[in-house]
Amino acid sequence: MPDLPAPFLGEPYLLTPGPLTTSRSVKEAMLRDWGSWDGDFRAMTAELRARLVALLGEDAEAFDCVPVQGSGTFVVEAMLSSFIPLDGKALVLANGAYGKRAAETLGYLGRAYTLLDKGDYLPPRGAEVAAALAQDSAITHVVVVHCETSSGILNPLKEIAEATASAGRRLLIDSMSAFGAVSLETGDIAFDAVVSSANKCIEGVPGFGFVLARKQVLEEAKGNSHSLSLDLHAQWAVMEKTGQWRFTPPTHVVAAFLQALREHEVEGGVAGRGARYAQNRDVMVAGMRALGFETLLDDAWLSPIIVTFFCPADPAFDFDSFYNAMKSRGFIIYPGKLTVVDSFRVGCIGQMDKSVMTRVVEAARDALAEMGVKDATPPSSALEERKHLSAPEAAA
Ligand SMILES: *Cc1c(COP(=O)(O)O)cnc(C)c1O
């Protein structure tokens, strides 16, 4: 792809998991007002829904798309409350903040759940899911986070989906930070529903999320939700009937997202987008390792979305100063979320390519020099904390 220009003069790149750096054309798509009832906007909604279903691969005709106003968490809550019946029970797989948030949401919703909590980053494995399901016949649904953005790990979705399907249970996926860049096709993975949002790998701006779910599951969801505005069955039924969103849609965000979807297609769809992000990761990780930084995870578990690095042991290192030194060079990085050791994260998603990532590494080198950090090697305690994991059984 051509060299991506800086988003706007003086605007920093967002090396974050969203909102992220969008293209100029995506921003420009917001320079007009749309009537939410008008046929032109209804056509935009229909195109958006069809394009998203198409990203699930060739045999996705059993699925439909329901967009929902709000941030990603709203649409996770909509999925959980609409698809898990009042007498259902979830097995929530957690290895970071988003898995825990799903469990917290179920608590608010008054749905029964069991939490399989692997701590800061260890992946839930297929065999553990199989064992948990064998132990508790009340469990109806498994809830999994595809890329756990807290650490950047790409969870082993394929083995988890297989364990869930062979136990006859249903799978709900939070693929917020991976959808559109990591393949998730209905022909490969058995699941009932997946959620993502406008401001992640499709590279739109924040304002809504979407659910891709089996039509059968949407039909059966009638009456499950505690919430008027988050009721997916109702949103879907009205959209099917009228082509409209039930309450004011984020019209500009939808226009920007449609432009982002067209650009996603031009780049080669999920494969093309995923390849650019993987290259971003590879260039950035290799450069950071050459400076002495170490990643939390072995290569087999690194997602092309965001990477966690340990903070250097050198006493001259301080995250806030590093953050500001990176920002003054045009790059916004992200704090880490590990509870035991100090870390930070660098995102690979958004309108950036490997030439930008090379500049990120140069900026990190200069920032360390400015702070007087001689070597970015992490403390030995961090390296002891890091467990080496066997590779996932199948890439998912
Ligand atoms: C971004 C994200 C969410 C949603 O977060 P919001 O701040 O509500 O948009 C949920 N799950 C994962 C894995 C995410 O990366």
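Values as computed for the structure displayed
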{"read-out": "Selected residue (criterion: surrounded by the most Cβ atoms within 10 Å (Cβ to Cβ)) from residues of segment 30-56 that are closer than 15 Å to GLU265 by Cβ and without any contact (Cβ under 8 Å) to a residue 40 or more places away in the chain", "value": "ALA54"}
{"read-out": "Residue match in segment 257-266 (condition: surrounded by 17 or more Cβ atoms within 10 Å (Cβ to Cβ), touching a Ser or Thr at 6+ places or on another chain (Cβ under 8 Å), without any contact (Cβ under 8 Å) to a residue 40 or more places away in the chain and not charged (D, E, K, R))", "value": "no"}
{"read-out": "Condition check for ASP192: touching a helix residue (DSSP H, G or I) at 6+ places or on another chain (Cβ under 6 Å), more than 27 Å from MET352 (Cα to Cα) and of a type in the set (D, E, K, R)", "value": "yes"}
{"read-out": "Which listed residue, of LYS200, LYS158, is within 16 Å of the ligand (Cβ to nearest atom), of a type in the set (D, E, K, R), at pLDDT 95 or above and open to solvent by 10 Å² or more (accessible area, probe 1.4 Å)", "value": "LYS200"}
{"read-out": "Residue list for segment 103-123, restricted to those being part of a loop (DSSP other than H, G, I, E, B) and under 18 Å from VAL142 (Cβ atoms)", "value": "ARG111, LYS118, LEU122, PRO123"}
{"read-out": "Qualifying residues in segment 161-197 (those that are of a type in the set (D, E, K, R) and open to solvent by less than 20 Å² (accessible area, probe 1.4 Å)) - the one farthest from the ligand (Cβ to nearest atom)", "value": "ASP192"}
{"read-out": "Lone unmet requirement of (1) open to solvent by 20 Å² or more (accessible area, probe 1.4 Å); (2) over 26 Å from ALA256 (Cα atoms) for ASP231", "value": "(2)"}
{"read-out": "Residue match in segment 215-230 (condition: within 16 Å of the ligand (Cβ to nearest atom), outside any strand (DSSP E or B) and within 18 Å of THR149 (Cβ to Cβ))", "value": "no"}
{"read-out": "Residue check, TYR113 of a type in the set (Ser, Thr, Tyr), within 15 Å of the ligand (Cβ to nearest atom), in contact (Cβ under 8 Å) with a residue 12 or more places away in the chain and assigned by TED's automatic domain parsing to the domain that holds LEU184", "value": "no"}
{"read-out": "Filter result (within 15 Å of the ligand (Cβ to nearest atom) and either touching a residue at least 24 places away in the same chain (Cβ under 8 Å) or part of a strand (DSSP E or B) (or both)) within segment 82-102", "value": "VAL92, LEU93, ALA94, ASN95, GLY96, ALA97, TYR98, GLY99, ARG101, ALA102"}
{"read-out": "Extreme residue, most open to solvent (accessible area, probe 1.4 Å), among residues of segment 301-320 that are more than 18 Å from the chain's Cα centre (by Cα) and within 20 Å of ASP120 (Cα to Cα)", "value": "PHE319"}
{"read-out": "Candidates GLY272, GLY287, filtered to the one that is of a type in the set (Gly, Ala, Ser), open to solvent by less than 40 Å² (accessible area, probe 1.4 Å) and closer than 30 Å to ASP64 by Cβ", "value": "GLY272"}
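The values are calculated or read from the model by the stated rules, or taken from the named source; none is laboratory data. It should be emphasised that the depicted structure is a prediction, and the values quoted were computed from it without experimental measurement. Cβ coordinates were reconstructed from backbone atoms using ideal geometry, including for glycine residues, and neighbour counts include every protein chain displayed. Quick note on the areas: whole protein, heavy atoms, side chains included, nothing else; ligands and nucleic acids left out. Shrake-Rupley method; radii C 1.70, N 1.55, O 1.52, S 1.80 Å.
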